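What follows is a single structure, written as structure tokens, with notes after it.
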Amino acid sequence: MSALQYEVKMLQLRQSVWFEEPAPHLGAANTLSAAIAGAEQRDPGIIPNLRTSQTMLIGSDYSGSHQTAQFETISLVITNLECIGRWSAHRQGVRAAMLPQQRRMSYKALNDRYRRAALIPFLDVANEIPGLLVSFAIDKNISTIFADETPDHRTTHPAFAGWKPKPIERAMRIIHLTSLLLRGLSAPGQDVWWFTDQDDIVANEHRLRSFVNLAATISSHYLQHPLRNLRIGTTACDTGRRDIEDFLAIPDLAAGTLQELLATGTARMILDAPSLFLPKDEAIAAKASNIMNWFADNTQPLRRLTFVIDQPRTGSWRITTLRAHGSRDSDDAAYALIV
């Protein structure tokens, strides 16, 4: 690529909201990138411009590792560090008033009465984050999303010494999906701070180092431009003020709720019938219902974007954009609509 071509590409990147340019080496990621671009074309403003500040801040969390789950869900909240001051101040107020003993918000812990009471205020404050909450649900019938790599081949990589195949696949999915988002959303010279939930893929210092090294290598294949710094940490980096934990609680709640929604008997019906409007499913847990109502509101600074990747009986993959509708749409609103 000549210097002039590079400058033209960088100009296009700065002017666009989502950078979408197919590249042969990205394989299936091209299809997902096109799906994100299509969502932005159908609903202008669904993807915020995150290139105007120096530091991109990412938080990621995951659900569906248990055996009965039909989907694995990966959720990420992406914003600019310079733009979260309002959220930070208000979430401290919610925490001081409603979450005694430094309770950590999480989907699994919502049986606690203090967390239940704080849920809606916590989510309302999260709306003040100018950014994107993007979620991916991947059908567990899909053993790998990397057509040119088999799980057995990846287990021989030195970075995965001592790992089991399933955590390897999950780590690779998370890194590839995040790298695609960096390709589409970041700007040349930006700093990226990425905090991930401290699950088995980064359960100790050795695994975190492996994860960081792989993320640096893989993201370099996605990016069309250089970043200044890419730093990755876990909830162990929390300052004691629950700032990182509260940030990661947002994708945690989203991932858990999406998992709950797709576990209902109507999930396959929704995926097989585009534009089907379904009434509220009474089988959905109350906590999931409340979060879905929040999840449905795309009028807030924190935008929502959700994709389901499954494998119909034909054997080919399918990427579906999932839009949620809640009580703001009608009193008897559906919680899911495919477009």
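Relative contact order of the stretch 63-133, taken over Cα pairs closer than 8 Å and 6 or more residues apart, is 45 percent. Shape class of the stretch 44-100 from the alpha-carbon gyration tensor: oblate, with a/c at 1.5 or above and b/c at least as large as a/b.
Extension gain, Lys108-Asn298: 0.36 nm per intervening residue step, less the Cα-Cα distance, totals 65.9 nm. For the pair Ala236 and Ala117 in one chain, pulling the backbone fully straight at 0.36 nm per residue adds 40.2 nm over the alpha carbon distance.
Accessible surface calculations at 1.4 Å, restricted to protein heavy atoms, place the stretch 91-141 at 44 Å² per residue. Annotation for the stretch 201-221 versus the stretch 96-148: alpha-carbon center distance of 23 Å. Working from Cα pairs under 8 Å separated by at least six residues, relative contact order for the stretch 116-253 is 25 percent. Counted residue by residue at 0.36 nm each, then reduced by the alpha carbon distance between them, the extension gain from Thr31 to Ile319 reaches 102.9 nm. Each Lys or Arg adds one and each Asp or Glu subtracts one; over the other residues with Cβ under 14 Å from the Cβ of Arg113, this totals +3.
The values are calculated or read from the model by the stated rules, or taken from the named source; none is laboratory data. On a predicted model such as this, the values are computed, not experimentally measured, just so you know. Every residue, glycine among them, receives a Cβ derived from its backbone with ideal geometry; neighbour counts consider all protein chains shown. With ligands, DNA and RNA removed, areas are computed over all heavy atoms of the protein, side chains included. Shrake-Rupley method; radii C 1.70, N 1.55, O 1.52, S 1.80 Å.
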